[in-house]
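Only one structure is covered here, and it is reproduced in the block below.
The values are calculated or read from the model by the stated rules, or taken from the named source; none is laboratory data. As the structure is a prediction and not an experimental result, all values here were calculated from the model. Note that each Cβ is placed from the backbone with ideal geometry, even for glycine, and that neighbours are counted across all protein chains shown.
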Amino acid sequence: MAAEESRCLLGYPASDSCPRVQNKKLYLATFAAVLGPLSFGFVLGYSSPVIPELRKINDPKLRLDSNQASWFGSVVTLGAAAGGILGGYLVDKVGRKLSLMLCSIPYVFGYIVIISAQNVWMLYFGRMLTGLASGITSLVVPMYISEVSHPKVRGMLGSCVQLMVVTGILGAYVAGITLKWHWLAVLCAFPSCIMLLFMSFMPETPRFLLNRNKRSEAIASLRFLRGPHADHEWECRQMEASVQEEDSRMASVVVGSIQVCFTAVAALIIDKTGRKVLLYISGIIMALSTALFGLYFKMVLPSRNNSSNPDVWFTLNSASPGTESSISWLAVVSLGLFVAGFALGWGPVPWLVISEIFPLKARGISSGVCVLTNWVMAFLVTKEFNDFIGFLTSYGTFWLFSAFCCLNVTFTAFYIPETKGQTLEQIEAYYRRS
């Protein structure tokens, strides 16, 4: 009987003993949640069309020089790092749903500060606030989706987080063509307002409710998410057994990873190919593409530029014309490979795995540590990239990136479990057996 019930939960065809699970309201809850990553994407994309405008603005108090423009673009990652820690605290104290609703406040208030800015420091503060909200979002949304989904669609729905991020980035780019920086900030604040409205009608995750001894509310949440015909009692019992069997040993199960982008291809195939396969392919492609990028710079840039000028775009323009034109395709191919490879695996999969492998009691703080590490590294790479170029040369920097991509593949081989098609309870049981 237990095997038959497991097949029901995984979404196999309905029968008398296996009532069909309905996904319509699950998709609605996921849509409400991923409005947060859409806001995150708008935050990331906002600086690109706005910085050129702020560098030419008439108001000297708001006009950005090159160094201030660098801070305006990168300070978001510092806010996101703080948001990861705050999100790790909130998600276990007030729940997944309320954490998502609360993060709309720094999103909106951050844009209000930017719109009303009287000096550069207010611009920085506004960006910090939107970064704070983005850090909370990047932690809570994958966790919410993971805990409300069933295994058959959890991979696809979890990967939609990054789809919405890149959609938001594109939206900011497109809107920035016609909108001034004030009005673009107004537009960017809208998704978080809609998320606040929609999430108010969505349920808390049943696992969080069970962890707070709210069984009736957990059953109601499952009834909303699975439809009236699913076996809510059986799934609730599985979750309860998992919650009751945790002890302090599970708190030591901490696996960190890196975040970022996603493509629709990964969302469509992740539940068929598995997580580790995508990470292998992604890591190899990224290692190859960054190595090729380093080779390109080695071949086209005069040695004096490589050793003394940290500005990649200046050195590209000053490269030998004959050499550059003959192998310019190499730079294009390398960039295309990297974007495709990253989007296929190391963009969406780490966020999904983080939301799956941590035990319930450690999920908030452990995920917070992962998000903090991610955003601190993102800030360092963004802010100090030119220094890397100056110290290691442009080709040396990209070869260093290639080496880290190789380490990603090795890490995946030895430490990342395959979670395709498993319930969260089965994943926790795997760690208990190990």
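Here are a few things to note about the model shown:
- Qualifying residue in the stretch 112-131 (condition: on the phi > 0 side of the Ramachandran plot and not assigned by TED's automatic domain parsing to the domain that holds Ser355): no
- Test: residue in the stretch 228-235 that is more than 26 Å from the chain's Cα centre (by Cα), in a helix (DSSP H, G or I) and under 28 Å from Gly274 (Cβ atoms): yes
- Boolean, Leu44 is under 30 Å from His232 (Cβ atoms), surrounded by 20 or more Cβ atoms within 10 Å (Cβ to Cβ) and in contact (Cβ under 8 Å) with a residue 24 or more places away in the chain: no
- Answer residue from the stretch 340-392, given it is of a type in the set (Ser, Thr, Tyr) and either farther than 18 Å from Ile145 by Cα or outside any helix (DSSP H, G or I) (or both) and is nearest to the chain's Cα centre (by Cα) among those: Thr373
- Number of residues in the stretch 213-227 that are touching a residue at least 12 places away in the same chain (Cβ under 8 Å) and in a loop (DSSP other than H, G, I, E, B): the value is 1.
- The stretch 60-96: number of residues that are over 17 Å from Phe125 (Cα atoms) and surrounded by 24 or more Cβ atoms within 10 Å (Cβ to Cβ): 5
- Leading residue by the ranking (farthest from the chain's Cα centre (by Cα)) among those in the stretch 144-159 that are at pLDDT below 85 and crowded, with 24+ Cβ neighbours inside 10 Å: Arg154
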